[in-house]
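Written out below as structure tokens is the structure these notes cover.
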Amino acid sequence: MGKYILKRIGYMILTLFIIATATFFLMKLMPGSPYANQAKMSAEQIKIMNQQYGLDKPVFQQYLIYLVGLLHGDFGTSFQFNNQPVSYLISSRIGPSMQIGVQAIILGTVLGILLGAIAAIRKNSWVDTVATFFAILGRSIPNFVFAVLLQFFLAFKLKIFPIALWDGFSSSILPTIALAMAPLATTARFMRTEMVDVLNSDYIELARAKGNTPWQTVAKHALRNSLIPVITIIGPMAVDLMVGSMVVENIFSIPGIGDQFVKSITTNDYPTIMGLTLLYSFMLIVVILVVDILYGFIDPRIRLSGNEGSN
Amino acid sequence: MEKILDVKDLQINFDTFAGQVKAIRNVSFHLNKGETLAIVGESGSGKSVTVRSIMGLLANNAHVDNGSIDFKGKDLLKASPRELESIRGNDISMIFQDPMTSLDPTMPIGKQVAEPLLIHGSMSKKKAMARAEEVLELVGITNAKNRMKDYPHQFSGGQRQRIVIAISIVNYPEVLIADEPTTALDVTIQAQIIDLMKELQNKIETSIIFITHDLGVVAGIADRVAVMYAGKIIEYGSVDEIFYNPQHPYTWGLLNSMPTLDTSSDRLYAIPGTPPNLLNPPAGDAFAPRNPYAMEIDYEQMPPFYKVTDTHYAATWLLDPNAPKVEPPAAIKKRQEEYHQLVAEGKIQSSVKGGAKDGE
Ligand SMILES: Nc1ncnc2c1ncn2[C@@H]1O[C@H](COP(=O)(O)OP(=O)(O)OP(=O)(O)O)[C@@H](O)[C@H]1O
Ligand SMILES: [Mg+2]
């Protein structure tokens, strides 16, 4: 297992390097320059700025400088945002993003698992219908619509929650709910399908034949077995969440990295875009690694072989 | 002989989109204490449904429309879910067909074997695990002590079936139901599992219902045999009576399609045709369309059971006093001659109790 994790971390670093390289060159291909929208600057001034940031050097040299910086934890300096180091921009803004992200994924998966399990156990009953209805709703309505609706009704009309203000936990509730809808719906739907399958399997029948009550059967045998495949979708859901947070942070005026990312893209702030892209990639790769390790812990068939299970 | 289980007039239907499947049509049989009863019949004849009704594990769309299942003075069909739960895995337990899928893939086997003990007894977890280890040793899992924490995928098919058997006997059930326990295994393993079951039956003094569609397996394990066709039992008797003196043309067909060492032709015989659709079961003998000996009445009216001996009954019009005498297929006739000879020589105690012969 230890060897397996080391190998995975090696791959992780390689992946990050490839992503860093790809983003760097893609960025160079993008039209526009960081100063193009500042009409007040003269051609001379722009040239000075380019020199200062090393943008006049050959592309490949810029790339090497960037890589060397990365190795030292230096993500460069933002072209915008008062010339702050990108690492500072990120570290000062990651807190709120992480908070709503983690809250949303926990809320979404836990509720989704419960809802899906109940729908499967009470298959074709009204509970199942209601759960399916919510799952479809959660899948088909984009989270920014939820965000706007929640803000309008609960914050603006009923004044239960603060509006467009970042002030600790109470202000994180609405964005968390808005973000949690998609993972909740996905998990519920997935969990239901898995659980229906598991409940039809032979070992569940054997569990009943042992004298387990229906609920004991679910708790001891069905839940764990249904959870195994559900864990695999946590990775893709985390991606959804990161993307979703960009808009949702904006709507709720949360000073997070999603909000920052959107602003950096609209201003061609290369160092910040690259820094954030690497950060997102890093988080995603970590999530996938954690999911794989978790998978190994829950599924004994994978634990021993240390790689993909054969069945 | 004391009956431990007595099934009477069982009728089970399934609601489906296409209509009502009349899966079990008036089935009666009993299980004597300490014996092994084999239920044989082609796929779809209703063997599994019958025993699932004993366990109270019928599918949701099933309904029992008539009958009673008497177990120690209690009608299992009228028992509450809670009563059934306390019987299942304790007084009556079941071995399923496919050992590859009957074990929980995410639970160590020791825990799976100990589970019935913890559900039904007030045993401590430690004691239950110790007992589970004993039973695993008993069913032939070598080095059971070190394998308690292993998972099902670390065992072969034969070993897994041994583990499933361990689960079924860990509480010393009075009735053990085995639904085709060897079908999914290859032939050499099949024989080992049969031997194991015979050995265990002696050790724990249980009564066994053994379901199979392979008559070859029956000879080695059963005391009595019930033959099922299209949701009915059509013939039952001691194992010798069914093997050597079968009366129903369907039993003849089954016996003829059994591979034996001394068949002169190398092609395996199969009963032509297919079983009837149970959405609309025929009015008469359901086997009539596939029966070369069928008479007019076979299509019109269901045959009653005719007594052959005190223990041997068959539901075929051929046994009616008014029926013309027919010659059974040559191979069956040979069997019957052997049988009469064996009885004459006193090698078979005729109708009293047909003990299974070893070997085969
Ligand atoms: N849940 C169900 N819904 C509808 N019909 C069913 C259901 N379960 C069983 N049946 C029908 O009941 C009949 C008897 O099935 P059963 O499983 O008892 O057969 P079997 O004798 O055990 O066959 P096999 O040897 O293949 O296991 C079949 O016609 C089958 O299609
Ligand atoms: Mg069956």
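Side notes on the structure shown:
- Under a Gaussian network description of chain A, with springs only between Cα atoms under 10 Å, the residue in A:112, A:244, A:296 that fluctuates furthest is A:296.
- The GNM of chain A, with springs linking C-alpha atoms under 10 angstrom apart, assigns the highest mean-square fluctuation among A:242, A:27, A:195 to A:27.
- Debye-sum result for segment B:171-230 in log10 I(q)/I(0), which assumes one identical scatterer on each alpha carbon, at q = 0.15, 0.18, 0.25, 0.29 Å⁻¹: -0.44, -0.64, -1.16, -1.42
- Taking each of A:210/B:125; B:232/B:333; A:210/B:47; A:47/A:263 in turn, the alpha-carbon distance tops 18 angstrom for B:232/B:333; A:210/B:47; A:47/A:263.
- With the convex hull drawn around the C-alpha atoms of segment B:1-72, the volume per residue stands at 89 Å³.
- Cross-link reach is defined here as a Cα-Cα straight distance under 19 Å, omitting same-chain residues fewer than 8 places apart; for residue B:78 the aspartates and glutamates meeting it are B:6, B:9, B:65, B:70, B:91.
- Rounded to the nearest whole angstrom, the semi-axes of the ellipsoid equivalent to chain B, taken from the Cα gyration tensor as √(5λ), stand at 36, 24, 19, largest first.
- Spin-label proximity, residue B:191 to segment B:241-261 - amide N less than 15 Å from point 7 Å beyond Cα toward beta carbon: B:260-261
- Entries of B:72/B:347; B:307/B:347; B:74/B:126; B:3/B:149; B:33/B:149 with Cα pairs more than 31 Å apart: B:72/B:347; B:74/B:126; B:3/B:149; B:33/B:149
- Translational diffusion of the protein assembly as shown, µm² s⁻¹ [Kirkwood Rh, Cα pairs; Stokes-Einstein; 4 °C; 1.567 mPa s]: 42 µm²/s
- Where a label projected 7 Å from the Cα of residue A:293 along Cα→Cβ would reach, residues of segment A:79-111 with amide N under 19 Å: A:102, A:106
- Calculated on the alpha-carbon coordinates, the convex hull of chain A measures out at 168 cubic angstrom per residue.
- Only beta bridges with both residues in the protein assembly as shown are counted; by DSSP, about 65 percent of them are antiparallel.
- Equivalent-ellipsoid semi-axes for segment B:59-197 (Cα gyration tensor, √(5λ), whole Å, largest first): 27, 19, 13.
- Counting only residues at least eight positions apart within a chain, or on another chain, the aspartates and glutamates with an alpha carbon under 16 Å from that of residue A:28 are A:56, A:269.
- DSSP H segments from chain A that extend 20 Å or more along their own axis, Cα-based, with Kyte-Doolittle mean of -1.0 or above: A:2-29, A:86-121, A:126-140, A:169-199, A:234-251, A:270-298
- Seen against the Cα atoms of chain B and their longest principal axis, helix B:187-204 is set at about 70 degrees.
- Using alpha carbons only: equivalent-ellipsoid semi-axes of segment B:225-344, gyration tensor based, whole Å: 23, 18, 13
- Shape of segment A:92-270, Cα gyration tensor, a/c cut at 1.5: prolate
- Partners for residue B:145 among aspartates and glutamates (Cα-Cα distance below 14 Å; same-chain residues under 8 apart left out): B:133, B:134, B:137
- Kirkwood Rh, Cα atoms: Rg over Rh of segment A:86-176: 1.08
- In segment A:39-196, the C-alpha radius of gyration followed by the widest Cα-Cα span (Dmax) gives 23.5, 73 angstrom.
- Most simply put, segment B:3-222 has about 60% antiparallel DSSP beta bridges, counting only bridges with both residues inside it.
- Percent carbon-and-sulfur accessible area, segment B:225-344, ignoring ligands, DNA and RNA, probe 1.4 Å: 55 percent
- For segment A:165-311, the share of alpha carbon pairs falling in successive 10 Å distance bins from zero is 10, 27, 29, 19, 11, 3, 0 percent.
- Centre separation in Å (Cα based) which lies between segment A:57-102 and segment A:119-172: 34 Å
- Compared with the dominant principal axis of the Cα atoms in chain B, helix B:125-138 is inclined by about 50°.
- Note on segment A:188-271: Cα Rg divided by 2.2 N^0.38 Å, N the number of residues, gives 1.80.
The values are calculated or read from the model by the stated rules, or taken from the named source; none is laboratory data. The structure displayed is predicted, hence computed values, not measured ones. Here Cβ is always computed from backbone atoms with ideal geometry, including for glycine, and neighbour counts include all displayed protein chains. When the accessible area is computed, the model is the full protein with side chains, heavy atoms only, and any ligands, DNA or RNA have been set aside. Shrake-Rupley method; radii C 1.70, N 1.55, O 1.52, S 1.80 Å.
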